[in-house]
Amino acid sequence: MKSIRKDVVALGLILATLFSVAAGAQNATAAQTSAAVSELAHPLTPGLGPDTGFTHHRVAVGDVRLHYVRGGKGEPLILLHGWPTTWWEWHKVMPGLAKDFDVIAVDTRGLGDSSRPQNGYDKDQLGEDIVKLARQLGLTRFSLAGHDLGGQIAFAIARNHPDMVKRLAILDVPLMGMPYSDAIQPWHFAFNKVPDLPEALTQGHERLFLDQFWSGYTYDPRGFEEADIQEFLRTYAAVGTMRAGFNYYRAFDRDGAANKAWLAKGGKLQMPVLWLGGETTSEAEMATAGIISTGDLLGRQLETAATDLRGESLKGCGHWLASECPERTEEHLRLFFKGN
């Protein structure tokens with residue numbers, strides 16, 4: 001566990017950084033898109049080109065309205081993004097995957113162009129959103145890939161609805177409450193959990209704060225182009241999005257307790273499971289603004305929790321696998337979900 005002193009140092013660093021910016025720092029804003037009564041197909045966010053066949057939709061699911069992008073033919077494959085991104089983090093691999101699958105990339109609760117309820121940010125609830133969406137789309141069984149916090153959501157879905165998940169891929173994230181989950185505790189895990197303070201300090205400085213993750217967690221600093229960053233910033237600067245994102249982290253204790261309880265009862269994933277990590281980095285590097293990735297941590301976490309497990313740490317890739325290493329990431333996902 002991280003010491004209180006380390007948390008204080010991390011907090012001090014972010015405070016110093018935020019308050020040292022010039023008064024004219026960029027403050028991008030965006031109005032929330034009005035909610036549709038039923039499923040729609042119009043360009044809320046960038047498309048993937050005129051020939052890809054992807055369309056944008058938004059549909060009410062319980063207390064949230066989820067935005068998703070869908071295209072392709074074949075068996076359904078749901079993609080869940082991480083923080084601080086949106087469905088757009090998958091855009092480089094979606095056209096290739098759509099040649100073999102019905103690809104559905106979702107903006108999860110509170111993020112992207114989905115609505116932002118006050119509550120419901122533990123991973124079990126976020127998973128239920130996706131299950132309800134799948135049912136509304138007429139899907140009784142689907143494959144599932146999640147990166148970063150989207151991987152935590154995907155794991156919760158597989159735990160709670162194993163009959164619905166045909167194949168599961170989790171990319172570069174620690175699973176709370178699972179073995180070795182304390183091995184990676186970067187500074188923002190503690191900072192993002194603090195009540196109210198992160199919202200107050202980052203308001204108007206969203207770009208400054210989030211650039212630590214868009215650029216700092218990569219091997220290739222051009223893993224995200226400026227156009228990608230502007231698309232993420234379009235919604236992360238909208239009212240309520242930063243709070244929603246921080247709430248994902250504030251639910252970590254509940255997430256860990258749910259995973260521990262499942263494992264203690266002998267829980268084991270029966271569907272094929274793929275894990276992918278960025279290249280292994282040391283704890284010292286993870287504690288700074290340098291490259292961060294989970295390496296082979298997921299493999300170690302899942303080795304006793306999955307009956308059919310495979311995966312690897314991708315050399316030369318940082319955290320944002322689908323952006324930094326799209327060709328290799330797409331190939332791993334395509335082969336795995338095709339049953340190879």
Starting from segment 309-331, keep only residues that are more than 16 Å from T85 (Cα to Cα), then list their pairs with residues that are open to solvent by less than 60 Å² (accessible area, probe 1.4 Å) and of a type in the set (S, T, Y) whose Cβ atoms are within a distance under 9 Å, requiring at least 6 positions of separation or different chains. S313/S293; S313/T294; L314/S293; L314/T329; C317/T218; C317/S293; C317/T329; T329/S323
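A quick yes/no check of all residues on (1) open to solvent by less than 20 Å² (accessible area, probe 1.4 Å); (2) among the hydroxyl-bearing types (S, T, Y); (3) modelled with pLDDT of 95 or more; (4) more than 27 Å from F191 (Cα to Cα):
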residue	(1), (2), (3), (4)
I291	no, no, no, no
Q301	yes, no, yes, no
L314	yes, no, no, yes
C317	yes, no, no, no
Does any residue of segment 80-89 turn out to be in contact with a strand residue (DSSP E or B) (Cβ under 8 Å, 6 or more places away or on another chain), assigned to a strand (DSSP E or B) and crowded, with 24+ Cβ neighbours inside 10 Å? yes
Options A158, A134, A145, A169: the member that is free of Cβ contacts under 8 Å to residues at least 60 places away in the same chain and of a type outside the set (D, E, K, R): A134
With the condition being polar (S, T, N, Q) and closer than 24 Å to L274 by Cα, I'd like the helices (runs of 4 or more DSSP H) fully within segment 136-227 carrying at least 2 qualifying residues. 149-160
Restricting segment 208-219 to residues that are touching a Phe, Trp or Tyr at 6+ places or on another chain (Cβ under 9 Å) and either of a type in the set (S, T, Y) or open to solvent by 10 Å² or more (accessible area, probe 1.4 Å) (or both), the one farthest from P84 (Cα to Cα) turns out to be T218
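The values are calculated or read from the model by the stated rules, or taken from the named source; none is laboratory data. Since we're looking at a predicted model, the values are computed, not measured. All Cβ positions, glycine included, derive from the backbone under ideal geometry; neighbour counts span all protein chains shown. To get the accessible areas, we keep the full protein, side chains included, count just its heavy atoms, and leave off ligands, DNA and RNA. Shrake-Rupley method; radii C 1.70, N 1.55, O 1.52, S 1.80 Å.
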